[in-house]
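Reading through the structure tokens given below for one structure.
The values are calculated or read from the model by the stated rules, or taken from the named source; none is laboratory data. Since this is a predicted model, take the numbers as computed values, not measurements. Cβ: placed from backbone, ideal geometry, glycine included. Neighbour counts: every protein chain shown.
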Amino acid sequence: MYLMMMGNSALPWSVGVMGGSLLDLPLARSALERGGHLRVGIEDTGSSSLTNVETVLAAVALAGDVGRPIARGSDARDVLGCGDRRA
């Protein structure tokens, strides 16, 4: 529904599950396949037994499975329109 409301907008979007494990849900793959981003990290692991590093590595592997590149550092800031934080 959210994507339908966004229409043809180029606005970046992401999915996350607060207090749960996004990577345990088909939502993560679906979002990546549709051009969205994943919110993963230590604050989002919820009930998962994975560490922060394991969670990020699992997200990287999933992105690779669907052919999505990984944004790192300044690349991520560019994607999100945040600019260079060093300035």
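Summary of computed values
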item	result
Given (1) in a helix (DSSP H, G or I); (2) at pLDDT below 90; (3) aliphatic (A, V, I, L, M), index of the condition Ile70 fails	(1)
Hits in the stretch 2-12 - residues which are of a type in the set (Gly, Ala, Ser) and under 22 Å from Arg77 (Cα atoms)	Ser9, Ala10
Flag if Gly20 is modelled with pLDDT of 90 or more and in contact with a Ser or Thr (Cβ under 8 Å, 6 or more places away or on another chain)	no
Residue selected from the stretch 40-51 under the condition at pLDDT 70 or above, part of a loop (DSSP other than H, G, I, E, B) and not aliphatic (A, V, I, L, M), by the criterion farthest from Ala63 (Cα to Cα)	Ser49
Pick from the stretch 33-56, criterion touching a helix residue (DSSP H, G or I) at 6+ places or on another chain (Cβ under 6 Å) and touching a residue at least 24 places away in the same chain (Cβ under 8 Å), ranking: nearest to Gly81 (Cα to Cα)	Leu38
Residue list for the stretch 40-55, filter: surrounded by fewer than 18 Cβ atoms within 10 Å (Cβ to Cβ), under 19 Å from Ile70 (Cβ atoms) and not small (Gly, Ala, Ser)	Ile42, Leu50, Thr51, Asn52, Val53, Glu54
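Let's see how each residue does on (1) under 19 Å from Arg77 (Cα atoms); (2) exposed (fewer than 13 other Cβ atoms within 10 Å of the Cβ); (3) out of contact with any strand residue (DSSP E or B) (no Cβ under 7 Å at 6 or more places or on another chain); (4) modelled with pLDDT under 85:
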site	(1), (2), (3), (4)
Ser14	yes, yes, no, no
Asp24	no, no, yes, no
Glu33	no, yes, yes, no
Leu38	yes, no, no, no
Val66	no, no, yes, no
